[in-house]
Amino acid sequence: MDPKTRRLFWNSLNRIRNKGKSLILTTHGMDETEALCTKIGIMVNGELKCLGNLQHLKSRYGNGYNLLVKIAFDPITDPDRLLVKQFIETFLSNFENSQLKENQDGFLNIHINNNSSKFFSSIFSFIEHNKTKYSIEYYVVTQTNLEQIFLNFASKQVNAKIIKAEI
């Protein structure tokens, strides 16, 4: 569907849902699911893997958090990007089970594999405490999204099939 028609369709579904009616939507569109659904079930190869609201699925099956950080550095005075490297080393040493996913000109994407809400607040504390030291322009911390959760279930299913095929 084109964006305008999709929006009209979504609005129609929301109106029906808001009247207290139940709807079942089958889709591969995770953005559509997040925007429209109050309960979500994930099926892989015809088998229901989980069921719950979006926050429940993120908390229970999510793979932690993603930290996006922009570090300002001067390529003339810091051509080796030592400030960026120092931030990465310090962060990874303070947050076990973290992994640098991307480092592009001071834009960092770090995955933190921990779902604890206490851990979540410690990320903010660390960043706020080190904002000036590492010239952090901005940062965003997000939970694992629904697509990543689905892919985790799907990859486990694929791995299970591979193991069975090898036996």
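Just so it is clear, none of the values below were taken in a lab; they were calculated from the coordinates. From a predicted model like this one, the values you see are computed outputs, not experimental measurements. Cβ coordinates were reconstructed from backbone atoms using ideal geometry, including for glycine residues, and neighbour counts include every protein chain displayed.
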- Helix 117-130 versus the longest principal axis of the chain: what is the Cα-based angle in degrees, 0 to 90, to the nearest 10? 30
- Query: How much of the calculated P(r) for the stretch 63-143 lies past 17 Å, in percent of all Cα pairs?
  - Reply: 40
- Message: Is there a quick way to get the dipole size of the chain? I mean about its Cα centre, with the Cβ of Lys and Arg at +1 and of Asp and Glu at -1; what is the value in debye to the nearest 20?
- Response: 1060
- Task: Please list the non-local residues whose amide H lies under 5 Å from the amide H of Ile71, H modeled 1.01 Å from N, same-chain partners needing a gap of 5 or more.
- Result: Phe107, Leu108, Glu137
- Message: What does the extension gain come out to for Leu100 and Asn45, with contour length at 0.36 nm per residue minus their alpha carbon separation?
- Response: 16.6 nm
- Message: Could you tell me which residue out of Ser125, Val84, Thr142 lies farthest along the dipole of the chain toward its positive end? Charges go on the beta carbon: Lys and Arg +1, Asp and Glu -1, centred on the Cα centre.
- Response: Thr142
- Task: Note the listed values [x] 60, 50, 32; [y] 41, 39, 33; [z] 73, 37, 27, then indicate which one is Cα extents along the principal axes in Å calculated from this particular structure.
- Result: [x]
- Item | Of Leu67, Leu108, Ile40, farthest towards positive along the dipole that unit charges on Lys, Arg, Asp, Glu beta carbons give the chain | Ile40
- Query: Taking Lys49 as the anchor, which lysines have their alpha carbon closer than 16 Å to its alpha carbon, excluding any fewer than eight residues away along the same chain?
  - Reply: Lys39, Lys58, Lys156, Lys161
- Item | Simple spin-label estimate for Thr26 and Asn145 in nanometres, 7 Å along Cα-Cβ | 2.5
- Query: Between Gln55 and Leu82, what is the label-to-label distance in nm when each label sits 7 Å out along the Cα-to-Cβ direction?
  - Reply: 4.6
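Counting other Cβ atoms within 10 Å of each Cβ, which GluC sites (Glu not before Pro) in the stretch 66-111 have at most 11 and sit in a DSSP loop?
In loop regions of the stretch 66-111 (DSSP not H, G, I, E or B), the sparsely surrounded GluC sites (Glu not before Pro) are Glu96.
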- Message: Using a 7 Å offset from the Cα along the Cα-to-Cβ direction at both Phe119 and Thr132, what is the distance between the two label points in nm, to one decimal?
- Response: 3.1
- Mind checking the angle between helix 146-166 and the chain's longest principal axis? C-alpha axes, 0 to 90 degrees, to the nearest 10. 80
